[in-house]
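K.L.:
Mind having a look at this structure? Questions to follow.
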Amino acid sequence: MTVEGYIKGLFDTYSLVSVLSEKNDCCVLRIRNKELGKDMVVHSFPRSVAAYEELCRITCENLPMIYDVIPLEDGQVVLEEFIDGITVAQVMESGKYKYLGARRVLKGVLNALTVLHERNLVHRDVKPENVVIDKNGRVVLIDFNASRRISAASKDTVVMGTVGYASPEQLGVAQSDARTDIYAAGVLLNVMLTGKHPSEQIAKGRAGGIVRRCTQVNPNDRYPTAAKLAEALNAFHLR
Amino acid sequence: MHTIWRHWGKAAMKKCPVCKAEIEDNARFCLYCMTSLDEKQAVKKQKEKGRMRTAIIAALLVLVLATGSVWFVLRRNPASVTAGQNSSASIGVSASQDTDSPSADMSRSRGTEASSSMSDGADIGGEDPQSEDPTGSGSVSDTDSLASAPNTGSQTADSSTASSAAQAPVSSVTYVYRQAQKGDDYLSWLPIDENDIVITGVSTVSESGEYVIPETIDGKTVIAIMGNAFNDEQIRDTVKKVVVPANVKSIWDHAFSMCYNLTDIYFCGNAVYTSPYAFALASRRTGTLTIYCSADCTDRNFRYYKNCADGSYDAVYEEWNG
């Protein structure tokens, strides 16, 4: 069965609510169960994304539930939890984050990254558009299109990710690993606090120090794990 | 996608009790500080805040009282000390008329005790880096025996300023492009930390076409050649031979791109992270780029270079003991 055929079959029980994104043959649809009224997200890929198979077995507060992964002739279809919320990028449209809020959002993201890294997965596309906050304040890291498994001796052959949030090694200099996500998390923290990339303006105070350490060119100079970065964020309780 | 915030501007607004940002009336948490606005929690937090505030005020009061009393005691001390000396001296005199040395010894010992405690007090005054006027601490002592106290005070102040001056440069690492100095004036570089330096560009043409990158510049190790370092309109046509020093670990995107005349590159060490685009389009005119690897170059990442000129030439790898 092809991807198109499978999705057509889905519309027997589900109705299309909206198309969330459509680029590079990766299509993301929001569909609703006609009887129950419950929403779900359908991803279709022309290639197989290994991370989703792994994510199927993970339950983490800060990651979306993956209900099913269906390998097909010409790609892969993933059924995912729909998170009714607002992305950090949308929040940023109306104002900057307070330090307290930025820290809580980032801690959610880091929790998700820790879970991924434990399973040898790197997200490689941590950015405000990919962090959703639902109406109860739950922070969820979405979009695993760029993610990949960490393997010992291969470089990134295809440049993926988003310019500005991608670390130097992601742009083909070296193998990306957990510290690649630390770089992006540092940029995310800076953007949440200042609205700008660290190269333009760096956050004030100790947050700036944390951003600086996250965005070191040499991966060895960054925080080694997401947990260590979370510890650094915890180290100064202001309130 | 976001149902509750869809009518962002239209909904009734309230202020977040924690960060004072404007938020929607029925929001369950503040978007900017992510604080839950469950009423009970808010009340509890406010109570806690109130308690914290009183505790802080109480602590401040205690601190002020404590410092005040210490200051008072210190200020009163010289008077009490001189009084003690006077009285002990008089006792000593009166006692020496009656009995022998022991009481006189006692009075002396009391006198030295007093003076030592005084010098301590003066030191405390002198350690404060704000008090540059040594007479301020000197005025505390009104006895001649303690005239040396202000000097020691000023000495400690000097040493403290000296130590702070020595610490200052360590804390700041500046990321400033800087031209190379004499001997290396064809390169420009960027120090990335205390010991390491990366090559960012070439500023002067080498007439022979040889570019030998030094192992160290200004005592710092050269560890990388950054993107587009040799890909400069003035420079790229002149590059024929390049020697990469032993400690260079990475060569970034397009470092040697468009260097059409590049024929030989010598790796003295083991450049582990070399961008697949480092040599894009290089040496298309001459047809062959010979890559000389040192003996300790175990990790042959050089296979990536094969992609560099769209397959229009082959790189040749030769073992080189450089």
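K.L.:
Scan the range A:20-38 and give yes if some residue there is within 30 Å of B:TYR32 (Cα to Cα), within 14 Å of chain B (Cβ to nearest Cβ) and at pLDDT below 90, otherwise no.
P.N.:
yes
K.L.:
Restricting to the range A:189-211, name every residue that is under 17 Å from A:ALA232 (Cα atoms) and loosely packed, with under 14 Cβ neighbours inside 10 Å.
P.N.:
The answer is A:LYS204, A:GLY205, A:GLY209.
K.L.:
Would you check which residues across the range A:55-75 are buried (at least 17 other Cβ atoms within 10 Å of the Cβ) and within 20 Å of A:THR13 (Cβ to Cβ) and list them?
P.N.:
Across the range A:55-75, the qualifying residues are A:ILE66, A:VAL69, A:LEU72.
K.L.:
Among A:VAL109, A:VAL41, A:VAL49, which is the only one that is in contact with a helix residue (DSSP H, G or I) (Cβ under 9 Å, 6 or more places away or on another chain) and not charged (D, E, K, R)?
P.N.:
Exactly one residue qualifies, and that residue is A:VAL109.
K.L.:
While we're here: Taking the criterion of being touching a strand residue (DSSP E or B) at 6+ places or on another chain (Cβ under 8 Å) and outside any helix (DSSP H, G or I), would at least one residue in the range A:86-102 satisfy it?
P.N.:
yes
K.L.:
Shifting gears a bit: Pairs please, first residue from the range A:83-98 and more than 7 Å from chain B (Cβ to nearest Cβ), second anywhere and among the small types (Gly, Ala, Ser) and part of a loop (DSSP other than H, G, I, E, B), Cβ atoms under 7 Å, 6+ apart in sequence or on different chains.
P.N.:
Once the first residue is more than 7 Å from chain B (Cβ to nearest Cβ) and sits in the range A:83-98, its partners that are among the small types (Gly, Ala, Ser) and part of a loop (DSSP other than H, G, I, E, B) give A:MET92/A:GLY195; A:LYS96/A:GLY195.
K.L.:
Also: Within the range B:219-227, is there a residue that is in contact with a Gly (Cβ under 9 Å, 6 or more places away or on another chain), within 18 Å of B:CYS268 (Cα to Cα) and in a loop (DSSP other than H, G, I, E, B)?
P.N.:
yes
Matching residues to (1) at pLDDT 90 or above; (2) within 10 Å of another protein chain (Cβ to nearest Cβ); (3) at positive phi:
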| site | (1), (2), (3) |
| --- | --- |
| A:ALA112 | yes, no, no |
| A:ASN136 | no, yes, no |
| A:ARG148 | no, no, no |
| A:GLY172 | no, yes, yes |
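K.L.:
Which residue out of B:PRO245, B:PRO214 is at pLDDT 80 or above, out of contact with any Phe, Trp or Tyr (no Cβ under 7 Å at 6 or more places or on another chain), away from every other protein chain (no Cβ under 13 Å) and surrounded by fewer than 18 Cβ atoms within 10 Å (Cβ to Cβ)?
P.N.:
B:PRO214
K.L.:
I'd like the residue in the range B:28-58 that is modelled with pLDDT of 70 or more and more than 24 Å from A:TYR99 (Cβ to Cβ) and, out of all such residues, is farthest from the other protein chains (Cβ to nearest Cβ).
P.N.:
B:ALA58
K.L.:
Quick one: in the range A:200-227, which of the residues that are outside any loop (DSSP other than H, G, I, E, B) and under 19 Å from the mean Cα position of the chain (by Cα) is farthest from A:VAL126 (Cα to Cα)?
P.N.:
Once the filter is applied, the top-ranked residue is A:ALA227.
The values are calculated or read from the model by the stated rules, or taken from the named source; none is laboratory data. In this text, all values refer to a predicted model and were calculated from it rather than measured experimentally. In this analysis, Cβ positions are derived from the backbone assuming ideal geometry, glycine residues included, and neighbour counts consider all displayed protein chains.
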